[in-house]
Amino acid sequence: MNLVYLDNSATSWPKPPAVIDAVCRCMQQTGGNPGRSGHAMSLDAARLIFNAREQLASFFGLSDSQRLVFTSNATHAINIALKGLLNAGDSVSVSGLEHNSVMRPLRNLEQKIGIKINVLKANKFGILSDESFLNEISEKTKLLVVSHASNVTGALQPLKMIGAFCRKKNITFMVDSAQTAGLIPIHIEKDFIDILTFTGHKSMLGPQGIGGICIGKNIQLESLLQGGTGSNSELEVQPEFLPDSLESGTPNTPGIAGLAAGVNFINEIGIENIHEHEISLAKLTLDMLSEIKEVKVYGPDNSADRTGTISFNVVGINSSTIGHKLDKEFSIMTRTGLHCSPLAHKTTGTYPGGTVRLSPGFFTTKENIIFFIESLKSIIFA
């Protein structure tokens, strides 16, 4: 039985062959430590990273590529941003759909230095609108953080509207794009984004262990880590210029090579075509699930307000039981539980039980979705 992978919100799979080739080629031919030596292999590695930084900056509409910092993942990037920006007593507002990658660093800062956290009211899907949050933002708010899309329901936030509001009010606007980078066009300047964090292993189709942060021109962040950068080696203090100030230690050069190859693949296919494919699969899934009265689906009905990620429950059957049977009996990979996002589940009313989540990707087919629905029916009506 062929496996059906429907867990792309956690990690995309399979990867494009060009991504795998780029990682292997880097390890075979570009094995030097970038910026740490003057020999050919070190220079080749440094050149690879420079070109990838330029490519990623262009992909996100960042005019100065030196303000794109590579990290190990989105969680690392989020910690750099929050802990490098916030001080004691600062006020932060968040949407009701945030992942623990945002909430845990914020709660840590709340406990340690006394920042204030305000969870904004939103509609039933957790989407912020003019009516839902404008009046809740106080003059003391320093930072507004939103996940561009929920990893639970796929609900999309209106970035440009929120960004324009924040720019007008002089509030720093930070976006967690873990669920949308590589799937939906994001332009840090046109969308009025001050800080954009991303990961490489989801819709950007790169390997695990690589991500980054785009930093707007008026934003200064204190370094989270200090150490070797290959620059200013005569000094025992951290360099103050980007990207070196926030990039300490040997970088994941093979991961960066794979990420760059993933972006090349996205550009060749067209990000709009990738999004259209995923949304068409989501629409098919939602239509077929709506015919099963025992199934309750959470999240927006309108495809313009969502990604392809879908959460549901089956009346009378625990979500983990559904996920286990899909895996063991049909080789269908989904994710169940709280998805590291208890706040999102509280917003959607699925806490503490969680949901079954399926998330198609670029390589998912219509036939995969039909097989999933047939398998789900056989579990429900066994």
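The values are calculated or read from the model by the stated rules, or taken from the named source; none is laboratory data. None of the values given here were measured: they were computed from a predicted structure. Here the Cβ positions follow ideal geometry from the backbone for every residue, glycine too, while neighbour counts run over all protein chains shown. The accessibility values were calculated without ligands, DNA or RNA, using every heavy atom of the protein model including side chains. Shrake-Rupley method; radii C 1.70, N 1.55, O 1.52, S 1.80 Å.
A few remarks follow.
- For Thr71: the one exception among (1) in contact (Cβ under 8 Å) with a residue 60 or more places away in the chain; (2) open to solvent by less than 40 Å² (accessible area, probe 1.4 Å); (3) in contact with a Ser or Thr (Cβ under 7 Å, 6 or more places away or on another chain): (3)
- Selection within region 1-52 - of a type in the set (Asp, Glu) and within 30 Å of Thr364 (Cβ to Cβ): Asp7, Asp21
- Just one of (1) open to solvent by 10 Å² or more (accessible area, probe 1.4 Å); (2) modelled with pLDDT under 95; (3) not in a helix (DSSP H, G or I) fails for Leu43. It is (3).
- Within region 230-271, the set of residues being in a helix (DSSP H, G or I), more than 16 Å from Ile49 (Cβ to Cβ) and open to solvent by 30 Å² or more (accessible area, probe 1.4 Å) comprises Phe265, Asn267, Glu268, Ile269.
- Of all residues in region 9-29, at least one satisfies being within 20 Å of the chain's Cα centre (by Cα), open to solvent by 10 Å² or more (accessible area, probe 1.4 Å), modelled with pLDDT of 95 or more and among the charged types (D, E, K, R).
- For Ser93, the conditions (1) open to solvent by 40 Å² or more (accessible area, probe 1.4 Å); (2) polar (S, T, N, Q); (3) not in a helix (DSSP H, G or I) are fulfilled apart from (1).
- Pairs linking a residue in region 107-118 that is assigned to a helix (DSSP H, G or I) to a residue that is open to solvent by less than 40 Å² (accessible area, probe 1.4 Å) and among the aliphatic types (A, V, I, L, M), with Cβ atoms under 8 Å and 6 or more positions apart or on different chains, are Arg107/Ile117; Leu109/Leu82; Leu109/Leu86; Leu109/Ile115; Glu110/Ile117; Ile113/Leu86.
- The residues listed here are Ala155, Ala88, Ala52; of these, the one that is under 30 Å from Ala282 (Cβ atoms) and among the aliphatic types (A, V, I, L, M) is Ala155.
- For the residues Lys140, Lys121, the requirement of being more than 30 Å from Ser37 (Cα to Cα), surrounded by fewer than 15 Cβ atoms within 10 Å (Cβ to Cβ) and modelled with pLDDT under 95 singles out Lys140.
- Selection within region 215-248 - among the β-branched types (Val, Ile, Thr) and in contact with a Lys or Arg (Cβ under 7 Å, 6 or more places away or on another chain): Ile215
- Qualifying positions in region 228-280 - among the acidic types (Asp, Glu) and touching a strand residue (DSSP E or B) at 6+ places or on another chain (Cβ under 7 Å): Glu247
- For region 365-380, a residue qualifies if it is open to solvent by 10 Å² or more (accessible area, probe 1.4 Å) and among the β-branched types (Val, Ile, Thr), and the qualifying residues are Thr365, Ile370, Ile379, Ile380.
- Filtering region 317-342 to residues that are touching a strand residue (DSSP E or B) at 6+ places or on another chain (Cβ under 7 Å) and touching a residue at least 12 places away in the same chain (Cβ under 8 Å) leaves Ser319, Ser320, Ile322, Gly323, Leu326, Ser331, Ile332, Met333, Thr334, Arg335, Thr336, His339.
- Only listed residue being farther than 22 Å from Ser231 by Cβ, open to solvent by less than 50 Å² (accessible area, probe 1.4 Å) and at pLDDT 95 or above, chosen from Leu62, Leu82, Leu56: Leu82
- Exclusive hit being part of a helix (DSSP H, G or I) and touching a helix residue (DSSP H, G or I) at 6+ places or on another chain (Cβ under 9 Å), set Lys346, Lys325: Lys325
- All positions within region 192-219 that are open to solvent by 20 Å² or more (accessible area, probe 1.4 Å), touching a residue at least 40 places away in the same chain (Cβ under 8 Å) and farther than 16 Å from Phe265 by Cβ: Gln208, Gly209, Lys217
- When we screen Met161, Met103 for residues that are outside any loop (DSSP other than H, G, I, E, B), touching a Leu at 6+ places or on another chain (Cβ under 9 Å) and surrounded by fewer than 17 Cβ atoms within 10 Å (Cβ to Cβ), the only hit is Met161.
- Selection count where residues are hydroxyl-bearing (Ser, Thr, Tyr), within 13 Å of Thr355 (Cβ to Cβ) and open to solvent by less than 30 Å² (accessible area, probe 1.4 Å), scope region 287-328: 3
- Those residues of region 329-349 which are more than 21 Å from the chain's Cα centre (by Cα) and open to solvent by 10 Å² or more (accessible area, probe 1.4 Å), in sequence order: Glu329, Phe330, Ser331, Gly349
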